[in-house]
1. Any idea which residue in segment D:31-71 is nearest to C:Asn23 (Cα to Cα), counting only those that are of a type in the set (Ser, Thr, Tyr) and at the interface with chain C (Cβ under 8 Å from one of its Cβ atoms)?
2. Would you mind stating whether C:Asp103 is under 30 Å from D:Gln55 (Cα atoms), among the charged types (D, E, K, R) and in a strand (DSSP E or B)?
3. If I filter segment C:106-121 down to residues being of a type in the set (A, V, I, L, M, F, W, C) and surrounded by 17 or more Cβ atoms within 10 Å (Cβ to Cβ), which single residue comes out as farthest from C:Leu60 (Cα to Cα)?
4. Could you say which residue among B:Val106, B:Val83 is of a type in the set (A, V, I, L, M, F, W, C), at negative phi and more than 14 Å from chain A (Cβ to nearest Cβ)?
5. Residue check, B:Ser90 against (1) among the polar types (S, T, N, Q); (2) over 16 Å from B:Phe42 (Cβ atoms); (3) under 19 Å from the mean Cα position of the chain (by Cα), all met but one. Which one?
6. Give the residues of segment A:86-95 that are under 14 Å from A:Tyr30 (Cα atoms) and crowded, with 21+ Cβ neighbours inside 10 Å, sorted by residue number.
7. In segment D:19-30, which residues are without any contact (Cβ under 8 Å) to a residue 60 or more places away in the chain and within 11 Å of chain C (Cβ to nearest Cβ)?
8. I'd like the full set of residues that are in contact (Cβ under 8 Å) with a residue 40 or more places away in the chain and more than 16 Å from A:Cys65 (Cα to Cα), limited to segment A:99-115.
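The values are calculated or read from the model by the stated rules, or taken from the named source; none is laboratory data. As the structure is a prediction and not an experimental result, all values here were calculated from the model. No Cβ is skipped: glycine too gets one built from the backbone with ideal geometry, and neighbour counts run over all protein chains shown.
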Protein chains: 4
Amino acid sequence: MNRNDFRRWTRVEVRWGDMDAMNHVNNAQYFVYLESARIEMFGDIGLDQPMREDQHGFGLVSATCNFRKQVHYPATLEIGTRVSKIGNTSFQLQHGFFHEGGDELVADALSTVVWVDYAQGKGIPIPGDMRVRLEALV
Amino acid sequence: MNRNDFRRWTRVEVRWGDMDAMNHVNNAQYFVYLESARIEMFGDIGLDQPMREDQHGFGLVSATCNFRKQVHYPATLEIGTRVSKIGNTSFQLQHGFFHEGGDELVADALSTVVWVDYAQGKGIPIPGDMRVRLEALV
Amino acid sequence: MNRNDFRRWTRVEVRWGDMDAMNHVNNAQYFVYLESARIEMFGDIGLDQPMREDQHGFGLVSATCNFRKQVHYPATLEIGTRVSKIGNTSFQLQHGFFHEGGDELVADALSTVVWVDYAQGKGIPIPGDMRVRLEALV
Amino acid sequence: MNRNDFRRWTRVEVRWGDMDAMNHVNNAQYFVYLESARIEMFGDIGLDQPMREDQHGFGLVSATCNFRKQVHYPATLEIGTRVSKIGNTSFQLQHGFFHEGGDELVADALSTVVWVDYAQGKGIPIPGDMRVRLEALV
């Protein structure tokens, strides 16, 4: 997995407070960074919020992160994202974490996201216009 | 997956601040809860801190969580943990999240943990006494 | 300031992840604990959420915390709260942090809270029934 | 209080996850931002970590924040800092939060910091070279 595998990038400034008592960035914080990457990507496909006014929106159903290198403050991370699978009601994102300007994979991750009708509490088919934009990020 | 699959339990009081702008517990927070479960389990096997004075300690190398039900404040969660695999330098934990007294699986998770020599920065064999205690949690 | 100064109590289990790279509970986390205390106190005076459906609700306008002793995981804190001032549109809370069962003041704090019409974006007089319940916590 | 009152600036990218269930940046998060400002300022006066190897370092003893305007993702904040008081063992910082390029005060804050001998657990006089650099930030 390298930088060429990804279609869009999110820049994250590591905060001192992102570190834990082990003096490195805490594992849960990587999922906060991934959330920033997803939220930005939702913007790319036409959603400026995770949920629209009609209460349709994206819900995260699964997240995995593989931690390869410890990260310490100060650092700037670049998170690459690509759409790695598109189903009827859900899609999968693959992510790679790199130091700004670096080529070593610091962490990699997968997120599975469902298009949800929050009023009904269930997954529904991804709208056609979003699907087209998701396909552009494969 | 049900309550009988797990060997030890961690109780987590959900804080109002654990919720995000979607008005449910944020996904990254589940990994904070899982960390609490791991830290407690490390105590069971003889470590009261993630790293000992000789700089040997546990390092998380991978974490996955499947989010099945939204959780809202106020709530008390019980996180079940069992050892699902033991290798030479690493082991895997499986976790289930339930509401206090409830039987519905709210989320489930896997964590892979390596026994690390932090000074050398590499995985080393799990000490025999820890291995025995890990086996008791299978 | 001692335990007798307070009218209601909130119990907080310190999580390992509340600690920072200094290996003690991070300062910002005390404000998360204070938020838990406020949210519980809002329940006492008839609000189960910070904002009601009419978009009237409480807004925090100022918070101060004095850190007297470092706190380390594992710990259970008890946060005492009393209403220390009631104005027309706002009130002030005073808080004391103690270890469970302990009498030493670990930290103390003040919060100033305004009753807000979020639709108009401005403070409005505290409703009479809430004022009565606030007075019971002086 | 305006931009001219401050001597150094810290830039903070608001993360989506910094918001809470009220859909605005959570109050505790402002203290995380202030910590970033302090940590950067410690760098200005010769400390690249909050604690040196001799276990002397800075400890926060008090923090206050006045919340004037709600902040929502996406936003970039600029936090101005100046040294507002210097004592024998402690100093006070004053901070102002502004939107990037904006002149409206979003929040303001005070932090009181003590120079601590962590081994002895008590405040000690601020070293002369640090005092000189603190004076340059008045």
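1. Going through segment D:31-71, the residues of a type in the set (Ser, Thr, Tyr) turn out to be D:33, D:36, D:62, D:64.
Subsequent filtering for residues that are at the interface with chain C (Cβ under 8 Å from one of its Cβ atoms) retains D:62, D:64.
Working: D:Ser62: 18, D:Thr64: 23 Å.
Checking each candidate, the answer is D:Ser62.
2. Details: under 30 Å from D:Gln55 (Cα atoms): yes; among the charged types (D, E, K, R): yes; in a strand (DSSP E or B): no.
In short, no.
3. Going residue by residue through segment C:106-121, those that are of a type in the set (A, V, I, L, M, F, W, C) are C:106-107, C:109-110, C:113-116, C:119.
If we keep only those that are surrounded by 17 or more Cβ atoms within 10 Å (Cβ to Cβ) too, we end up with C:106-107, C:109-110, C:113-116.
Working: C:Val106: 23, C:Ala107: 19, C:Ala109: 13, C:Leu110: 11, C:Val113: 5, C:Val114: 6, C:Trp115: 9, C:Val116: 10 Å.
The residue in question is C:Val106.
4. Working: B:Val106 fails: more than 14 Å from chain A (Cβ to nearest Cβ).
Within the list B:Val106, B:Val83, the selection yields B:Val83.
5. (2) is the only condition that B:Ser90 fails.
6. Initial filter on segment A:86-95 (under 14 Å from A:Tyr30 (Cα atoms)): A:94-95.
A:His95 - this is the single residue of segment A:86-95 that is under 14 Å from A:Tyr30 (Cα atoms) and crowded, with 21+ Cβ neighbours inside 10 Å.
7. So the first thing to find is which residues in segment D:19-30 are without any contact (Cβ under 8 Å) to a residue 60 or more places away in the chain, and the list is D:19-29.
Passing the criteria: D:Asp20, D:Ala21, D:Met22, D:Asn23, D:His24, D:Asn26, D:Asn27, D:Ala28, D:Gln29.
8. Filtering segment A:99-115 for residues in contact (Cβ under 8 Å) with a residue 40 or more places away in the chain gives A:100, A:103, A:105, A:107-115.
Result: A:Glu100, A:Asp103, A:Val114, A:Trp115.
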